[in-house]
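The values are calculated or read from the model by the stated rules, or taken from the named source; none is laboratory data. Values in this document were obtained by computation on a predicted structure and should not be read as measured data. Cβ placement follows ideal geometry from the backbone for every residue including glycine, while neighbour counts extend to all protein chains displayed. Quick note on the areas: whole protein, heavy atoms, side chains included, nothing else; ligands and nucleic acids left out. Shrake-Rupley method; radii C 1.70, N 1.55, O 1.52, S 1.80 Å.
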Amino acid sequence: MEAYAAEGKSLAKVDGKVVFIENTVPGDVVDVQLGKNKKDWAEGRPLLFHSYSPDRVKPFCSHFGVCGGCQWQRLPYDMQLQYKQKQVRDNLERIGKVALPEMMPIIGATATMYYRNKMEYTFGTKEFTKEKPPQTRQLIGNPETKDNYRLSGSPEVPSSDEFKGAGFHAKGFFDKIVDIQTCYLQEEPTNAIRLAIKKFAIENKYSFYDIRNHTGFLRTMQVRLCTTGELMVNIMLGGEDEPKRKALLEHVMIKFPAITTLLYTINTKWNDSLHDLEPVVYHGKGYVIEKLEDFQFKIGPKSFFQTNTKQGEQLYKVARDFAELTGTETVYDLYCGTGSIGIFISKKAKKIIGVEMVAAAIEDAKENAALNGLSDTAFFAGDVIEVCNDDFFAAHGRPDVIITDPPRAGMHEKLVKKILDMAAPTVVYVSCNPATQARDLNLLDEKYMVTKIQPVDMFPHTLHIENVVQLKLRG
């Protein structure tokens, strides 16, 4: 294995063909059984380890490889950062095909465990367990301790036994639950709350949700733990049963007095999306307050907010630095969401204009601006292409700086053309997907040149990477 690729797979080359191999790390020497096998690439699994990479480390989580999260736990964190930096560079060069400056060293996380402020758990009746099918080679030894090791053909298969579990969906199975004992992504009391609710529900014969049959009382739970110490829990139920609901919520409140806001949501839909449901406040003010530097942000159960607060600060500092503000600039914050980037950089700007498609997010942005006593901000709901017309520019001024922070799909081509038309001297592109960012940089190259590149690791032990690019209008 020569390198690391997406989804925690290693990459090898055999006679010019690229092979992606699961359950390995660069430096392992293995015999491989191919699955998908195309002309230029293939996917495979290891059958026999001849030797192990000296860089391999033992995953710290007992659920590693089953729940689908934290795919890079086999690699030391410093090596994860090296591969993430390479991933950004490769995408920008291979897809972007634009002139690039020297890339700054990736900003790694100081906390590689317990870094998430938000977790979502699922309650279910279909378990995902480990078995060793008799027709495949059996597991002998342990690759994490470098013993002799053969990998069985399909180590994770669903169990038909009746059970009630609380955790995450199993990788590749929408209806199977990995029953989590300890998750290392969020500080306590997140595990204690989940396990206590599960125990109470089992003891009191509450039904757990069966996603295939659309039955069951206990469905999901969201836990939001802020650096301010405020703690919000929202429990989603499959229907109203007032005595059961009250008993559960009272139990949670008594057992966890640290909860500052407790909500419940009745969901009779087939999916778990929250945007079209109305959470009900059982205890507290119905939201929590999180802080980035000295700025406060009101976060409700449906609000979007960066899930790693400390690294979110680092990401926004980079965006602020790349904006090169002097106090005289009008900044357009596109895909502004709840206004967090615009508010974070506001002290150094003359005016912040935020535009976002989701109307509810714009209302949150206005509240957050008011919460921080900001008067030189304005937020608008709608499509940037339609909102930012000549009348809008006449009323609010043309942008000196544009900050764009799109979803993983990147910017729509029409928006890229709109940015080219607006021709702001500086554009700061914050991306959670360097591949789509590279595609957009290729289009922006018509008028802009890339002048700074800064990767930021928001999610240790995962394949995800953020990247901030500064672009300057060509003279």
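Looking at the stretch 419-434, is at least one residue under 18 Å from Tyr83 (Cα atoms), surrounded by fewer than 23 Cβ atoms within 10 Å (Cβ to Cβ), within 16 Å of the chain's Cα centre (by Cα) and of a type outside the set (S, T, N, Q)?
In the first step, residues of the stretch 419-434 are kept if they are under 18 Å from Tyr83 (Cα atoms); the result is 431-434.
Remaining after also requiring surrounded by fewer than 23 Cβ atoms within 10 Å (Cβ to Cβ): 432-433.
When the remaining residues are screened for being within 16 Å of the chain's Cα centre (by Cα), the result is 432-433.
So of that shortlist, the ones also of a type outside the set (S, T, N, Q) come out as 432.
Yes.
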### Query
Any idea which of (1) among the acidic types (Asp, Glu); (2) at pLDDT 95 or above; (3) under 24 Å from the mean Cα position of the chain (by Cα) is the one Asp90 doesn't satisfy?
(2)
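Restricting the search to the stretch 395-411, which residues are in a loop (DSSP other than H, G, I, E, B) and either under 21 Å from the mean Cα position of the chain (by Cα) or of a type in the set (Gly, Ala, Ser) (or both)? Break it down into steps so the answer makes sense when it comes.
Going through the stretch 395-411, the residues in a loop (DSSP other than H, G, I, E, B) turn out to be 397-400, 405-411.
If the condition is that a residue be in a loop (DSSP other than H, G, I, E, B) and either under 21 Å from the mean Cα position of the chain (by Cα) or of a type in the set (Gly, Ala, Ser) (or both), then Gly397, Asp405, Pro406, Pro407, Arg408, Ala409, Gly410, Met411 are the ones that fit.
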### Task
Considering only the stretch 190-217, state which residues are open to solvent by 30 Å² or more (accessible area, probe 1.4 Å) and not in a helix (DSSP H, G or I).
Asn204, Lys205, Ser207, Ile211, Arg212, Asn213, His214, Thr215
### Query
Among the residues of the stretch 268-296, how many are more than 17 Å from Arg224 (Cα to Cα), hydrophobic (A, V, I, L, M, F, W, C) and without any contact (Cβ under 8 Å) to a residue 60 or more places away in the chain?
2
### Query
Quick one: how many residues across the stretch 375-409 are at positive phi and open to solvent by less than 10 Å² (accessible area, probe 1.4 Å)?
0
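Within the group Ile362, Ile345, Ile352, which residue is in contact (Cβ under 8 Å) with a residue 12 or more places away in the chain, open to solvent by less than 30 Å² (accessible area, probe 1.4 Å), among the hydrophobic types (A, V, I, L, M, F, W, C) and over 25 Å from Lys414 (Cβ atoms)?
Result of the check over Ile362, Ile345, Ile352: Ile345.
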### Task
Could you tell me whether the stretch 107-127 includes any residue that is modelled with pLDDT under 95 and open to solvent by 40 Å² or more (accessible area, probe 1.4 Å)?
yes
### Within the stretch 231-258, considering residues that are open to solvent by less than 50 Å² (accessible area, probe 1.4 Å) and in contact (Cβ under 8 Å) with a residue 60 or more places away in the chain, the one nearest to Thr122 (Cα to Cα)
Asn234
### Message
If Lys452 meets every condition in (1) surrounded by 14 or more Cβ atoms within 10 Å (Cβ to Cβ); (2) assigned to a helix (DSSP H, G or I) apart from one, which number is that one?
### Response
(2)
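Considering only the stretch 306-336, state which residues are among the hydrophobic types (A, V, I, L, M, F, W, C) and buried (at least 21 other Cβ atoms within 10 Å of the Cβ).
Leu315, Val318, Ala319, Phe322, Ala323, Val331, Leu334, Cys336
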